[in-house]
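The values are calculated or read from the model by the stated rules, or taken from the named source; none is laboratory data. Predicted model only: the values in this text are computed from it and were never measured. Cβ coordinates were reconstructed from backbone atoms using ideal geometry, including for glycine residues, and neighbour counts include every protein chain displayed.
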Amino acid sequence: MKKHARPLPDVPPDFPRPLLHALHLLTRDGALNADARRKLKQIEHLLTLLTPAVTDVLQRFADPQFVDAGAGKAYLGLMLAQKWLRGVDKGRLFAVESRADLAARAETIARDAGLERVTFVPTTIEAAPLPERLHLVCALHACDTATDDALALAIRRGADYVAVVPCCQAEVARLLAAQGPGDPIRTEAVAPLYRHAWHRREFGAHLTNVIRALTLEAHGYQVTVTELAGWEHSLKNELILGRRVHRENRPARARLDELLAAFGVRPALVRLLDASVETAAASSTSEGTLEHPESP
Ligand SMILES: C[S@@+](CC[C@H](N)C(=O)[O-])C[C@H]1O[C@@H](n2cnc3c(N)ncnc32)[C@H](O)[C@@H]1O
């Protein structure tokens, strides 16, 4: 038996070998190295967790629009398109990546693999020209505040689903470190939580994700926070998954405002959405309606 024909138990059947080769996830002789195995595990778990969302929008909408934000080499976007958008007559995945070289390389791979329902957008998430109506926005390890750009995109466009696995998060730790004696964070009881730089980084990352989840809830999303894959596959392992079920959620908004006031921080996502509200107020635009609007 040829070496490259060996069965690879770690490769899910949905992932065809030529595509894995093109993405450099398989070595030249068809093996999986440790990094590739970790990456595949993350993608496989994420696709499994996204299955209800993708199935739902494919069933309910005539032409669902998906976004892979901060796509990098577009492992996630290409696998999603391979699994759900090959050989169908609807749906499109937009892979948004600010590094033009990565986007161009992934575009060639998509073309060679016959993945026609993928469009590459080589710019930032904020600047990306995307359809007004989005159905699922995902971001796998989009760096620091790029995750917030993806969340803001989903919220502003009223995406039915959003899924982010945040990456490195330095922003809130910086905001905490910059606070002075008069700030709420300096209260004696809670100050030890982030006095040391290491704790500040960990606590800042945790607070960031709590604020992200609560922000989604405030905007009417039902939120699940869960582990993506085992810690052996990635240290950046928290999946925040949202399904839009209400137009807004005022109790969650109040909890968010209280939390922000208690810690005296306004991280990127909050500032981005504040800016949208100001822009919307200035242009007096009105919000669209949901298919199944409910009030919590
Ligand atoms: C850590 S990589 C992850 C890539 C990919 N999602 C994956 O999991 O393999 C993050 C990617 O996000 C891109 N990126 C960072 N900020 C961005 C932004 N504001 N808009 C679009 N892409 C961004 C980077 O260039 C990088 O390729």
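Of note:
- Among the residues of the range 212-221, those that are in a helix (DSSP H, G or I) and touching a helix residue (DSSP H, G or I) at 6+ places or on another chain (Cβ under 9 Å) comprise Arg212, Leu214, Thr215, Leu216, Glu217, Ala218.
- Selection within the range 157-178 - crowded, with 18+ Cβ neighbours inside 10 Å and charged (D, E, K, R): Arg157, Asp160, Glu171
- Qualifying residue in the range 193-211 (condition: within 16 Å of the ligand (Cβ to nearest atom) and part of a helix (DSSP H, G or I)): yes
- Ala81 closer than 28 Å to Ala218 by Cα and either away from the ligand (no atom under 11 Å from the Cβ) or buried (at least 18 other Cβ atoms within 10 Å of the Cβ) (or both): no
- Residue match in the range 104-116 (condition: among the acidic types (Asp, Glu), under 23 Å from Leu151 (Cβ atoms) and buried (at least 16 other Cβ atoms within 10 Å of the Cβ)): no
- Selection status of Gly91, exposed (fewer than 14 other Cβ atoms within 10 Å of the Cβ) and more than 8 Å from the ligand (Cβ to nearest atom): no
- Flag if Asp149 is of a type in the set (D, E, K, R) and surrounded by fewer than 18 Cβ atoms within 10 Å (Cβ to Cβ): no
- The set of residues in the range 106-164 being among the small types (Gly, Ala, Ser), within 10 Å of the ligand (Cβ to nearest atom) and within 18 Å of Ala218 (Cα to Cα) consists of Ala150 alone.
- Check on Thr55, away from the ligand (no atom under 11 Å from the Cβ), assigned by TED's automatic domain parsing to the domain that holds Ala36 and part of a helix (DSSP H, G or I): yes
- Which numbered condition Ala95 fails, given (1) outside any loop (DSSP other than H, G, I, E, B); (2) out of contact with any Phe, Trp or Tyr (no Cβ under 7 Å at 6 or more places or on another chain); (3) under 25 Å from Ala159 (Cβ atoms): (2)
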